[in-house]
Amino acid sequence: MLAIFLTAALATATPDATRLPEGTWCYALTATKDGASHTVGHTYQALAHTTHDGKPAVEIVVHQRMGAKFDMRDVFVLDAKTLQPFELSNTRFGKPHVRDVYEGTRVTETRWDDEGHATTTRKALTRPAWEGNLFGLMFAALPLHAGDEYAIPYYQYDKGEGTFAVKVTGERDIDTALGKTHAIVLQAGPIDQQAEYLIGAQPRIELGYSAGPFGQSLAASCAAFEAATK
């Protein structure tokens, strides 16, 4: 029954990158303990139009930093219409970690170890998949009609193949660093790792998410991220 549902959902709703604006956004990563919320890191996110092997594409950059504990930067090159992946380059603390190159239902994956040595493998996928490291903007590119539920197959270099489950649970006005904004509310993520996502109704951008004690919220500027990066 689940397989039938996934097939039906994907037949009627896939991500549409034309819903997403170009731009740059930054966020505060927070953790809540004993009722108090603290900023523990920062996220930079940008979307720009480009080409890949002569085809229209979008490049999305997501860079997360949590002091000396965590520094991860993803550069996604994706189809300009469907957001299906051409390439992913993942770095940790500025060093190459994983590069995935997609061709239909095949992934050529290069991994670098701590000494910088590279190993390349080729993997077959059971079905065309989206990129498993991309969350908010992926969900923002869906139709997001009230009550809708979507299932999006993904591949992620550590977890392998899986499914993003997305449910539109409502809408509400929220206060952000940029003022009051109308948000579409989602329950979304891998089936076993759901979070509440807030997506801007107009423009279609990620406003933030909450998952247990952790969350992310839109910042007024990228000043804090840039200061942390330096």
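The values are calculated or read from the model by the stated rules, or taken from the named source; none is laboratory data. Being a predicted model, the structure only gives us computed values, none of them experimental. No Cβ is skipped: glycine too gets one built from the backbone with ideal geometry, and neighbour counts run over all protein chains shown.
A few notes on this one:
- The one condition in (1) more than 18 Å from residue 151 (Cα to Cα); (2) of a type in the set (A, V, I, L, M, F, W, C); (3) under 15 Å from the mean Cα position of the chain (by Cα) that residue 214 fails to fulfil: (3)
- Extreme residue, surrounded by the most Cβ atoms within 10 Å (Cβ to Cβ), among residues of the range 175-190 that are among the hydrophobic types (A, V, I, L, M, F, W, C) and at pLDDT below 95: 177
- Within the range 110-127, at least one residue is more than 15 Å from residue 157 (Cβ to Cβ) and in contact with a Pro (Cβ under 6 Å, 6 or more places away or on another chain).
- Of the strands (runs of 3 or more DSSP E) lying entirely inside the range 8-83, the ones with 3 or more residues being more than 21 Å from residue 211 (Cα to Cα) are found at 36-52, 55-66, 70-79.
- Residues in the range 34-93 that are under 26 Å from residue 125 (Cβ atoms) and either among the β-branched types (Val, Ile, Thr) or without any contact (Cβ under 8 Å) to a residue 12 or more places away in the chain (or both): 50, 51, 54, 58, 60, 61, 62, 75, 77, 82, 91.
- Condition check for residue 144: over 21 Å from residue 74 (Cβ atoms) and at pLDDT below 95: no
- Output for the range 29-38, where each listed residue is touching a strand residue (DSSP E or B) at 6+ places or on another chain (Cβ under 7 Å) and either of a type in the set (A, V, I, L, M, F, W, C) or surrounded by 15 or more Cβ atoms within 10 Å (Cβ to Cβ) (or both): 29, 30, 31
- Residue within the range 96-116 that is of a type outside the set (D, E, K, R) and within 17 Å of residue 16 (Cα to Cα) present: no
- Residue selection: residue 187 satisfies the criterion of being of a type in the set (S, T, N, Q) and either in contact with a helix residue (DSSP H, G or I) (Cβ under 6 Å, 6 or more places away or on another chain) or part of a strand (DSSP E or B) (or both).
- Any strands (runs of 3 or more DSSP E) falling wholly within the range 99-174 and containing at least 1 residues that are surrounded by 15 or more Cβ atoms within 10 Å (Cβ to Cβ) and small (Gly, Ala, Ser): 149-156
- All conditions in (1) outside any loop (DSSP other than H, G, I, E, B); (2) under 25 Å from residue 65 (Cβ atoms); (3) more than 18 Å from the chain's Cα centre (by Cα); (4) hydroxyl-bearing (Ser, Thr, Tyr) hold for residue 221, with the sole exception of (1).
- Residue that is farthest from residue 26 (Cα to Cα), among those in the range 191-230 that are surrounded by fewer than 12 Cβ atoms within 10 Å (Cβ to Cβ) and among the small types (Gly, Ala, Ser): 212
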